[in-house]
Amino acid sequence: MMVAMDKPELLAAYEDEIDVEYSQWLVKDEGMAWLTNSAVPAPEPPLAAEELLRVGVDWICVGSNAQNHVARARLESWRGEPARQDGWELTEDFDFTATSGKLLLDTLTTGPASVTERLTLPSPGRYQARAYSWGRTEARRALAETFEVPDGTETYLIQFWGE
């Protein structure tokens, strides 16, 4: 007897604009474990321009190739692993642990993109994830040529699914 494999299913999504400050922005779980447990490392930026992100418990720090501009970001929660997407400049797979399961887009200094909007994962816990970016090369070029990056030059997608 053949058992049909379940197709991946998009459960929830949240999309917004995010202020890129100091060439980075954050995805944070509302649990923010590093604030109450000194053994949990606090958010850290990617170490090199080619590095897309760094990850810790309750945080993802996403690196940009330019500073002080507005990017588009979309977070998605999936049942099952979504198909890989072509056409992005950079992609990275990683593991992520969320202590509350409620994720927000956040800046380094000016606060979250939205006070109320969140991506709600099915439950707290460990997830597999994949990040995509587009426009990093164009952002670097624009910054070098005009010292300004037009809003929306960079676009990011981060997908989460259970293990």
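The values are calculated or read from the model by the stated rules, or taken from the named source; none is laboratory data. The shown structure was predicted, so the numbers you read here are calculated from the model rather than taken from an experiment. Cβ coordinates were reconstructed from backbone atoms using ideal geometry, including for glycine residues, and neighbour counts include every protein chain displayed.
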* **Search result, residues across the stretch 4-58 that are in a strand (DSSP E or B) and over 14 Å from the mean Cα position of the chain (by Cα)** => Glu9, Leu10, Leu11, Ala12, Glu21
* Residue list for the stretch 96-113, filter: under 21 Å from Thr155 (Cα atoms), within 16 Å of the chain's Cα centre (by Cα) and of a type outside the set (Gly, Ala, Ser) -> Phe96, Leu103, Leu104, Leu105, Asp106, Thr107, Leu108, Pro112
* To do: Look at Ser77 and say whether it is under 30 Å from Asp6 (Cβ atoms), within 15 Å of the chain's Cα centre (by Cα) and of a type in the set (S, T, N, Q).
  => yes
* Asked: Are there any pairs, at least 6 apart or on different chains, whose C-beta atoms fall under 8 Å, with the first in the stretch 16-38 and free of Cβ contacts under 8 Å to residues at least 40 places away in the same chain and surrounded by 15 or more Cβ atoms within 10 Å (Cβ to Cβ) and the second among the small types (Gly, Ala, Ser) and not in a strand (DSSP E or B), and if so, which?
  -> Trp34/Ala42
* Structure fact -> All conditions in (1) at pLDDT below 95; (2) among the acidic types (Asp, Glu); (3) surrounded by 16 or more Cβ atoms within 10 Å (Cβ to Cβ) are true of Glu51 except (3)
* To do: Check Glu44 against each of (1) acidic (Asp, Glu); (2) surrounded by fewer than 14 Cβ atoms within 10 Å (Cβ to Cβ); (3) over 30 Å from Thr146 (Cα atoms) and name the one condition it does not meet.
  => (3)
